[in-house]
Structures are given as structure tokens and as C-alpha cells.
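One structure is given below, encoded as C-alpha cells.
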Amino acid sequence: MIEERFDAIVIGAGMAGNAAAHTMASRGLKVLQLERGEYPGSKNVQGAILYADMVEKIIPNFREEAPLERHLVEQRFWMMGDRSHTAIQYRNDDFNEDKPNRYTIVRSQFDRWFSKEVQAQGAIVICETTVMELVSDAYGKVIGVRTDRRGGTIFADVVVLCEGVNGLLGTRAGLRPSPKPEHVALAVKEMHFLPRETIEARFNLHGDEGVVVEAAGVISKGMTGMGFVYTNKESISVGMGCLVSDFAENKDTPYGLLEAFKNHPSIKPLLEGSEVKEYAAHLIPEGGYNTIPELFGDGWVVCGDAAQLNNAIHREGSNLALTSGRLAGEAIFQIKSRKDAMTKQNLALYKKLLDDSFVMKDLKKYKDMPALLHANSQNYFLAYPQLVSKAMENFLRVDGTPKLDKEKATIGAFIKERKWSGLFGDAWKLARAWR
Amino acid sequence: MSLAARVEEKLYQNRYLVDAGKPHIAIRPHEKPSENLLAMTHICPAGCYSETSSGQVEITPDGCLECGTCRVLCEASGDITWNYPRGGFGVLFKFG
């Protein structure tokens, strides 16, 4: 379909793909970007929170144009009991700054805008095109892609794989393994629409201020997982995710779990009267540092979710995708400007840039967390939240029982559940993995 | 209160362009489903997988959300073959 040869072909128009395509096109490279959706964003699902710094590095004045929902002034962490929640809430008026740090977004709208910016830099973006396979030369170097369009083989010096967590191309070509059930979480999400005044009143917000609620505890029924509630301008994103391996063992359905979360007495009043307009599902790479595949080879690099670049502890994914896409673009531009070939040896520059960035440093810091949380999910996600809830109830309910007896009952409940050795062991393991 | 009925209600909110006659996921014919294939009858977030009266697992991928959960659980063992729908087809998220 296209006779000309490109400097780079980017697969996918999500955060990583748009970052890579923008970076390369704005530096004058000839870029083709292929997207299987009807429009950029139509296949993309996220919570979604956007981190300004990582977008700013690509489009400095994005705040003036991009479709943003609310800037975040408050974060709530809720540890859920059966009918209770124990909260840590942080709100800071300084987050009402000229250039806020975090926003909620509606992914398909943001991606559509981002893609227009990419096209404005001169990249060619073709939608409704599924890439079927990578094309290699006799020496195994990737030299192009074959699409599902007629005569659809296109050639380029390098292919940038930004195909998402469930990317077929890289795995089919043997460049990386498919994700394992214990390394990906399945999240389901609904968009609940309400008048903006209602949202602002319920969440104590003024104007475009926003709130994030992250919830863990009995809602995941002992599985490694979390729920979330994010405020947008006129909608609320509500979701729930757990590891696929845990779902496989547990007999719950993801939508059943989401229904239970929505009906929890702490969540239900926030959503009352809303109109649901979409239901989505998505996998989230949760394996962390130890599951990052080979990131580059002869004629190819891989970025974002496809490379398992996601920080599950901090719920950061899109910014790792944006950064890896940008750094891949910068590395390719540097190699191209030296008139060097897109060999594995030269593309190692991408890995070097990524190693020097927060992306790899953060993932390395938490490398032991995914396995720890998975192995101890019954304790961390079920037993402790229930104990904490009981302890809070003991503390707050005034019923004539002497306080010393209440304290003994609370401590006794913890020891009965986990013994002293278990309690110290769990705390020690958590602290060590956090370090 | 049937959860199966409720997931259909949820999918009803979504926009799809179904590639009629070209299902993108297929199940290998089997006598008895593997444990992972059977698990799909409750894990699939779109409720695409169901158990027949004779104990096999069948799929109707029209409501598929293209998350890839079944691929992660069932592709390696050969229980299913998984492809993305043709360009432009499948689920079309308005919000994502």
C-alpha cells in the first residue's frame, strides 16, 4: 500500500507509540505509525491518571490544548473492611498550582488529541490497520511489517513496538515471551456520569480540582488486587483489578467483584444516581523489574506496557510508557544523525538512556514487591484489613469496656491471626522489598 | 440475580463493529476442557466463554473487550488461537 521506505515504523497509538512517533517526527525523521483502532485511542484503556512532567518533556505547552479532566489535589488510600474503610487522606492546596503535577484524563479523548499533535509534526498515521507480523531479512534483522491490508508490506530502518501489554508481534517473532498469569492483572472499569456539581459536592471539590481513591483490602477477597475511584469533570471512573493467576484460582468473576466494590457502603453513596456509559477491561503488567524482556535487537525496540514497564506499587504506567517511547525516539534519532545502522549494538543506546532514567531505577527499587504481594495476598489483602477494621472499631466504640481490655483484645486478635513471628516476618519482608 | 445477565447489560453500553463470520478467537475442539479453559467461563470480563450442557467450553467473541486474559491463560497450551480483529473491527472505546 505504501511504496516508500521509512526511517521508523511505530506500532500502536497509545502513550508509548505517540511519544516515540512525536519525538522522531519532530526531529525530522520519516515516521509511519500504524494503529488497529478506528481512531487513535479507540482500543486504549486506562484508569486514568496523567503525569504532567512526562508529557511536558514532549509537548511543553500541552496544558493549553490537551483534553484534561481534573488536576488532583487529594489522594485517598482506603483499607477496606467488609462494611468499613480506614483511610489515609492527603490534600494539599499547593496542588492548585499554575502547572499542576497530575490530572485525570479520558484516555480515548487524550490519545486522539495526542495523535493530532504527532501528525502535526509530520508523521503519517494510518488507523484501522492491524499489523500481522514483523518482516525480517535473512540475518534475522527486522526490516519492516506486514499488515492486514492488500499488498501491505512496508519497510523501515527500525520498528518501534508500542503494541501494549497484549502485543502479538513481538511475542510471535520470539523477541519476548507472552506475559504469565501471575505477572498481569486483569482490571475492569466503568464510566459513571453525573452532573459536575454533584461530583464536586460529593468529593469536596471546587472548579477543576480532582480526587483519587485507591482501595485495597477485603474487596479483592484475598487476591492481589485493588479498586479505584477517579473523578473526572462529569464522570467518575470506577474499577477493580486482580492478578489473572489469582482470578483463575478464585471462582469470582471480575464484573461480580466490581459490582461488590460499587455496592460497598463506603463507595455506593459516591456513585448514587449515576448513568453508566461504558464498561472496559484491560490487562496491566504487574511483574515489575524481573519480568522486563529484552528491550532492543537488530532493527527493533520495545516500549511501554509491551516491555512490562509499569510500576504497580505507585500505580504508574502511562508515564513509564511516555518516557520509554520518548527515549527510544531520541536514541533512534541519535543513531540516525550519525548515519549509523539500526543494529542491536547501536540500539543499546535506548537501554542505556532508560537505565539512566527513573523508569528502570524505580522498577529496580521494587523488584521484590510483586512476588511478595502475590505470595502473601491472603495476609496483606484480607487478614490485615479485617484486623485493622476491628482495631478501629474497638478504639472508637464507647461501650463501658476499660481501654486496657480493648487494647488487649485488639493485640490478641492480631496474634491469634498471625502469631508474633508472622507479624514481624510480614513487616520485615514488606520493609525489605520496599527499600 | 444472575451475574451473566448483568455482564450482558454492561456490554450493551459499549460500541462494537463485529466482523461477522470472522471470529478472532477460536477454541480447539476438546472432549474435556483444561483447567484454564474452564476458568475462562468465570474470568472472561465479557462473559464470552460458557460451558455447554455436555461439559465443553464454547466461545462467542462478539462482546470481546480484547483484554487478552484468555490468551495469557490458554494460548501456550494450545487450547485457543488468538488474533486481534481485523483493523477497525471489534470494540471501539468512547472513553477507554
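The values are calculated or read from the model by the stated rules, or taken from the named source; none is laboratory data. All of these numbers come straight from a predicted model, not from anything done at the bench. Note: ideal-geometry Cβ built from the backbone for every residue, glycine included; neighbour counts use all protein chains shown. Side chains are part of the model used for accessible areas, which takes the heavy atoms of the whole protein and leaves out ligands, DNA and RNA. Shrake-Rupley method; radii C 1.70, N 1.55, O 1.52, S 1.80 Å.
General remarks:
- Tensor-based shape of region A:100-237 (alpha-carbon gyration tensor, a/c under 1.5 rounded, otherwise prolate or oblate): oblate
- For chain B, the mean residue ellipticity at 222 nm estimated from helices alone is -6500 deg cm²/dmol, where every DSSP H run of n ≥ 4 contributes -39500 (n - 2.57) and the total is divided by all residues, rounded to the nearest 500.
- Solvent-accessible area per residue in the protein assembly as shown equals 43 Å², computed with a 1.4 angstrom probe and all protein chains kept.
- GNM result for chain B, Cα springs below 10 Å: residue of B:GLY68, B:GLY21, B:GLY47 fluctuating most strongly: B:GLY21
- Gaussian network model of chain A, Cα within-10 Å springs - most flexible of A:CYS162, A:CYS242, A:CYS127: A:CYS127
- Region A:351-415 and region A:252-301 have Cα centres spaced 21 Å apart.
- Only protein heavy atoms count here, probed at 1.4 Å, and on that basis chains A and B bury about 3800 Å² of accessible area in total.
- In chain A, helical runs assigned H by DSSP with n ≥ 4 each contribute -39500 (n - 2.57); averaged across all residues and rounded to the nearest 500, the mean residue ellipticity at 222 nm is -11000 deg cm²/dmol.
- Stretchable slack from B:THR52 to B:GLU35, in nm (0.36 nm times residue separation minus alpha-carbon distance): 4.6 nm
- Using a simple spin-label model with pseudo-atoms 7 Å out from Cα toward Cβ, A:LYS352 and A:THR198 lie 5.6 nm apart.
- Shape category assigned to chain B from the gyration tensor of Cα positions, a/c cut at 1.5: oblate
- Extreme residue, positive dipole direction of the protein assembly as shown, given options A:PHE193, A:ILE219, B:VAL91 (C-beta unit charges): A:ILE219
- Comparing A:GLY167, A:GLY217, A:GLY241 in a Gaussian network model of chain A, where Cα atoms under 10 Å apart are tied by springs, the biggest mean-square fluctuation is seen for A:GLY167.
- Inter-label distance, nm, simple model (7 Å from Cα along the C-beta direction), B:LEU17/A:GLN75: 3.9 nm
- Those residues of region A:120-156 whose amide nitrogen sits under 15 Å from the label point placed on A:GLU4, 7 Å along Cα→Cβ: A:120-126, A:154-156
- Shown are B:MET40, A:MET392, whose ranking by accessible area with a 1.4 Å probe and every protein chain present, most to least, is A:MET392, B:MET40.
- Residues A:HIS314, B:HIS42, A:HIS183, ordered by accessible area of protein heavy atoms at a 1.4 angstrom probe radius and largest first, appear as A:HIS314, A:HIS183, B:HIS42.
- Using θ = phi - 60° and Karplus 6.51 cos²θ - 1.76 cosθ + 1.60, couplings along region A:174-187 (whole Hz; Gly, Pro as x): x, 7, 7, x, 5, x, 8, x, 7, 10, 10, 9, 9, 10
- Cut-off 19 Å (backbone N to label point 7 Å along Cα→Cβ of A:GLN378), residues of region A:228-260: A:243-252
- Sulfur and carbon atoms: percent of accessible area, chain A [1.4 Å]: 52 percent
- Here A:LYS419 is the anchor, and the aspartates and glutamates within straight C-alpha reach of less than 17 Å, apart from those fewer than 8 places off in the same chain, are A:GLU407.
- Residues in region A:175-206 that a label on A:GLN89 would reach, taking backbone N under 19 Å of a point 7 Å out along Cα→Cβ: A:197-206
- For A:GLU56 and A:ILE411, a Förster radius of 60 Å and the Cβ-Cβ distance give a FRET efficiency of 0.75, rounded to the nearest 0.05.
- Accessible-area composition of chain B, carbon plus sulfur, in percent [1.4 Å probe]: 53 percent
- Bridging of A:LYS57 to lysines at a Cα separation below 16 Å is possible for A:LYS99, once same-chain residues fewer than 8 apart are set aside.
- Length-normalised contact order of chain B in % [C-alpha pairs under 8 Å, at least 6 apart]: 38 percent
- For the peptide A:254-260, the mean number of other protein chain Cβ atoms found within 10 angstrom of a residue's Cβ is 5.
- Long hydrophobic helices in chain A: the complete DSSP H runs spanning 20 Å or more by Cα along their own axis with mean Kyte-Doolittle hydropathy of at least -1.0 are A:318-337, A:403-434.
- Pairs over the 18 Å Cα-Cα cut-off, from the set A:LYS390/A:LYS416; A:LYS43/A:LYS262; A:LYS43/A:LYS233; A:LYS189/A:LYS268; B:LYS10/B:LYS94: A:LYS43/A:LYS262; A:LYS43/A:LYS233.
- Between A:ASP98 and A:LYS251, the modelled label-to-label distance comes to 6.1 nm, taking each label 7 Å out from Cα in the direction of the beta carbon.
- Region A:138-215-region A:48-74 distance, computed between alpha-carbon centres (Å): 18 Å
- Tensor-based shape of region A:37-106 (alpha-carbon gyration tensor, a/c under 1.5 rounded, otherwise prolate or oblate): oblate
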